[in-house]
Amino acid sequence: MFGEDREPVLAGRTRFIAGALALLLIFALGAGGVWAARGLLAQPTSTAVNSPSPNQPTPSAGSSPAPTRSPGAAALPNLGPAAAGIITGVDVKPDGACDVGGSCRLQVDIHVTPQPADHDVSWAFKIFNRCTSGLTDAPGSTFTAKGPWNLLSVSSSITLPASRGQLAVYAVTTSPSTAYTASPLLLGNLAGC
């Protein structure tokens with residue numbers, strides 16, 4: 001009698017352990033696959049610290065002339081197309097601390113259509129002040145993407161202008177075609193205007 005009761009318990013434990021190991025293996029393979037895919041799609045990461053490529057013109061760093069203050073925060077402008085040519089999309093997000101009136105490290109993801117050969121991709125930034133409606137340019141850089149890549153993930157550091165209110169940071173590709181971030185990165189206090 002004692003042996004009969006023990007076999008179902010051992011069989012249940014064995015199935016439980018086998019199931020737990022199978023779940024652990026699935027999780028490990030899934031995590032490894034995500035890590036490998038991110039590495040394949042995002043390689044290599046470029047760091048551009050306000051230093052455009054020597055073969056590209058330096059974007060002007062300045063503000064639009066005499067912005068006017070309107071009551072409340074201005075609506076976000078549509079600066080241009082979100083896709084153009086081989087550029088299928090542009091995303092920007094913080095890659096560390098971003099302080100209004102200080103330095104900001106940004107990650108820019110540039111989605112491209114794979115090409116038969118390597119190609120240069122250049123980007124810059126437009127910073128919209130929602131209190132004054134002023135638009136400031138900030139330099140980006142250039143990176144050579146491998147032909148089959150469909151994503152270029154790069155980091156750039158810029159200096160954000162001072163503002164009492166909210167800033168909207170747009171990434172813009174300047175070569176091989178011009179495309180803008182569809183959803184800009186919003187920084188600062190909207191209620192400050």
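The values are calculated or read from the model by the stated rules, or taken from the named source; none is laboratory data. Source: prediction; values computed, not measured. Neighbour counts are summed over all protein chains in view; Cβ atoms, including those assigned to glycine, are modelled from backbone coordinates with ideal geometry.
Couple of notes before you dig in:
- Output for the range 59-88, where each listed residue is within 14 Å of K126 (Cα to Cα), at pLDDT below 60 and part of a loop (DSSP other than H, G, I, E, B): P59, S60, A61, G62, S64
- Going through (1) within 14 Å of T88 (Cβ to Cβ); (2) in contact with a Phe, Trp or Tyr (Cβ under 7 Å, 6 or more places away or on another chain) one by one, V172 falls short only on (1).
- Residue match in the range 89-112 (condition: surrounded by 14 or more Cβ atoms within 10 Å (Cβ to Cβ), part of a loop (DSSP other than H, G, I, E, B), at pLDDT 95 or above and touching a His at 6+ places or on another chain (Cβ under 9 Å)): no
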